[in-house]
Every structure is written in structure tokens, then in C-alpha cells.
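Some notes on the structure that comes next.
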Amino acid sequence: MKTPLLRRLPVALTIAALTLATLSACASTPASSASTTNAADAPITIENCGSQVTLKAPAKRIVLVNNDSLPNLEALDAVDRVVALTSTVQPGLYKDSTYETLASLDQLSTEKNATGGSIVSQESLLGAQPDLVIAPENAVDRAALAASGIAVYTPSAYCADPGPELSKPATFDRVWSEVRTLGTLLGESDQAEKIVSQGMASLGSQAPDAGTAAALYVSSGGSVLSPYGGPSMVTPVFTAAGLTNVYADSAERVFDANIEDIISRDPGTIVLLYSSGEPKDVIDSFMSAPGVSALSAVQRGRVVALQFPYTDPPSMLSIAGPQQLRGLLATLP
């Protein structure tokens, strides 16, 4: 099995001429720890993906290279600190005020390179005058940006060299870690702790046993099926919804699988994760994949489509994921 290419996931961008051809399939465990307090206008230093990140003061101007951290920024009441984006915000996930705020911002122009990766020019990025860029580690050059006085924070799911901790089964603790780290970078640690407390309470008790399931990302017109393993947030979201991830024993966050392997694990439900389009289109694409008719879940009509951000990477939308998934399961035979 091999790791899916970036083109199967929400687009992430490179800085200057650096092209992101693949996203690391690293797991989504906490990868950042604060080493200073975040009092107003005080310097902040954290460790992030094995690198030291320093801000002269809490971040006030943020550029988002893809929108994975947007749920946590919304929870921290910090959407108004975003000054530029690189991708369209998926509808139906956020508050109306979030969409209204982001609608007025520049979306940095991008181009495709020869390998299909997306590029944003250094001039465009620097023109936004950020003090913080939030981006996958393989999408940016930390040193080059630091030389321009711009810090980079990478969500833990996208560390290039994850280490052994990132191969362990995920828990909701990874969400709390992301929220706390962003709270530190924004000078909002107290608010972050309130969000964590509210998030823990909102999870409630585990749902009754709903059987086994596989979470799949479908790409290339249905010809490539990519399950999410133990280190992905799919695992705790499934557990909270009463499901058992049949790929929880995998140490990979996401990978390609042939249909024979999926059939051998016999998931009782198929959960299709999608980043754009309509649920019906996603299900139709999956149904067109060779061999899927042999899956017992397909034969029993137990196939649903769930918006990708409700699972991975870890964010406050992951906390809403179990409720969304339980609602979908209730519609199945």
C-alpha cells in the first residue's frame, strides 16, 4: 500500500517556487508545546514538528494555506485575524459570520505546476504582510519565511517527520492540543482552556455499538480507495459514534488499499469522506469503483458520505463529527 498523493486531499500550497507534490501521510498527534507564556505583546516560542517557532507578539495577521485550522480559529474568535486564504471555504461547516468575514478577503492566486501541485508566489504571500502562516510543513520553507520575519505553524497532522508518537491510535486529546497551541500563538490561552472544557463536555457518553466501519477517501473517478487508519481522527470519531474502525490496527494515517483488502475486513458500514461536491456524487463515484458491489455494506445499503473536516485533521469540527455521523447512521437500514 502507498500513501495517497496530495491531489486526493484538500489543496495545500507552496511558497515561492517550492511545490508541494505530496502531503505527508503522517498521523495527527500533538506536535507542538508552548515554552513561554502568551501575555499581551510578549514574545512566544513553541516547538512545532521538531522546529522552534517564535513570534515577537501574539499573531494578529494570519495567512491560511488550506483551511484545516479554520475551525479552531473560529472557536477562538480569531477569524478576523485571517488576512488571506489560498482555497475556497467549504460551505455548510461554519457560522454565517465566519463566511461573511472571509468573503471580504483576498484569495491568493495559484497556478498548477508540471506535477499537478499548486504554487503561490512569494510576492503574493508577503504582500499579505502576515506575522503567522498556518500551513502543512511540506508546503512551505520555514527558514525562508523566518528570514522575512514570518513564523510558520503546521497543524500536527501535517508534520513531515512525525515520529513514533504520531503512529499511535488517535484520541480527542489531539484536538485539545491543537486548540491550546493556537491559543498560545494568538495570546488566547484562557479562551483555549474554556473551549477545551466545553468540547470535552459536548462529547458526552459513547453511543451504543453500531458495528464496524471503514472510512474511505475516493479519488481518480472511483478507481483509488484510501482508508484512514488508527492515527487518524476517524478512529475516535467512529468510537464516539458507536463504530469500530476496521483499519484501527494500521499505523498509517491514510493509505491506498485494494478492494480485496477492504472486502477481507468486511466493514458493516462504509463512510465516504469528501471535501467538495454533493454527497450523492461521492457515493455514485464510489459505487462505480470495480469490485465494491462485493462489499456486504454495499449489498445492505449501508454507505454514507461525511464531510471530511468532521474527522481529520484534529479540530473542533472533529468534536462535532460523532453527532453528524450518528445522524447519518440513523438513516441507514
query = Just a yes or no: is a residue in segment 146-159 in contact with a strand residue (DSSP E or B) (Cβ under 7 Å, 6 or more places away or on another chain) and farther than 20 Å from residue 81 by Cα?
reply = yes
Residue 170, sole failed condition from (1) surrounded by fewer than 24 Cβ atoms within 10 Å (Cβ to Cβ); (2) in contact with a helix residue (DSSP H, G or I) (Cβ under 9 Å, 6 or more places away or on another chain) = (1)
ask   = In segment 40-64, what residues are on the phi < 0 side of the Ramachandran plot, among the small types (Gly, Ala, Ser), in a loop (DSSP other than H, G, I, E, B) and modelled with pLDDT under 95?
value = 40, 42
Of all residues in segment 266-283 being surrounded by fewer than 14 Cβ atoms within 10 Å (Cβ to Cβ) and touching a residue at least 40 places away in the same chain (Cβ under 8 Å), the one that is farthest from residue 235 (Cα to Cα) = 276
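Here's the yes/no breakdown for (1) surrounded by fewer than 20 Cβ atoms within 10 Å (Cβ to Cβ); (2) aromatic (Phe, Trp, Tyr); (3) part of a loop (DSSP other than H, G, I, E, B); (4) touching a Leu at 6+ places or on another chain (Cβ under 6 Å):
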residue	(1), (2), (3), (4)
251	yes, no, yes, no
261	yes, no, no, no
264	yes, no, no, no
285	yes, no, no, no
298	yes, no, no, no
312	no, no, yes, no
319	no, no, no, no
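Could you check, for segment 231-244, whether at least one of its residues is outside any strand (DSSP E or B), in contact with a helix residue (DSSP H, G or I) (Cβ under 9 Å, 6 or more places away or on another chain), open to solvent by 20 Å² or more (accessible area, probe 1.4 Å) and farther than 24 Å from residue 200 by Cα?
So in segment 231-244, the residues outside any strand (DSSP E or B) come out as 231-242.
Next, only the ones that are in contact with a helix residue (DSSP H, G or I) (Cβ under 9 Å, 6 or more places away or on another chain) stay: 231-234, 236-242.
Then keep just the ones that are open to solvent by 20 Å² or more (accessible area, probe 1.4 Å); that gives 239.
Cutting the leftovers down to farther than 24 Å from residue 200 by Cα gives us none.
No; the residues of segment 231-244 include none that is outside any strand (DSSP E or B), in contact with a helix residue (DSSP H, G or I) (Cβ under 9 Å, 6 or more places away or on another chain), open to solvent by 20 Å² or more (accessible area, probe 1.4 Å) and farther than 24 Å from residue 200 by Cα.
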request  = Report, by residue number, each residue of segment 93-131 that is open to solvent by 70 Å² or more (accessible area, probe 1.4 Å) and either modelled with pLDDT under 70 or of a type in the set (D, E, K, R) (or both).
outcome  = 95, 96, 100, 106, 111, 112, 114, 115, 123
task = Scan segment 322-332 residue by residue and report those that are surrounded by fewer than 24 Cβ atoms within 10 Å (Cβ to Cβ) and either part of a helix (DSSP H, G or I) or in contact (Cβ under 8 Å) with a residue 12 or more places away in the chain (or both).
result = 323, 324, 326, 327, 328, 329, 331, 332
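Scanning segment 137-154 for residues that are in contact with a Leu (Cβ under 9 Å, 6 or more places away or on another chain) and at pLDDT 85 or above, which turns out farthest from residue 250 (Cα to Cα)?
Initially, segment 137-154 is screened for residues in contact with a Leu (Cβ under 9 Å, 6 or more places away or on another chain), giving 138-141, 144-145, 148, 150-153.
Pick out the ones that are also at pLDDT 85 or above and you get 144-145, 148, 150-153.
Details: 144: 35, 145: 35, 148: 40, 150: 36, 151: 33, 152: 30, 153: 27 Å.
Within segment 137-154, the match that is farthest from residue 250 (Cα to Cα) is 148.
The values are calculated or read from the model by the stated rules, or taken from the named source; none is laboratory data. From a predicted model like this one, the values you see are computed outputs, not experimental measurements. All Cβ positions, even for glycine, are placed from backbone atoms using ideal geometry, and neighbour counts span all protein chains on display. Keep in mind that these areas ignore ligands, DNA and RNA; they rest on the heavy atoms of the full protein, side chains included. Shrake-Rupley method; radii C 1.70, N 1.55, O 1.52, S 1.80 Å.
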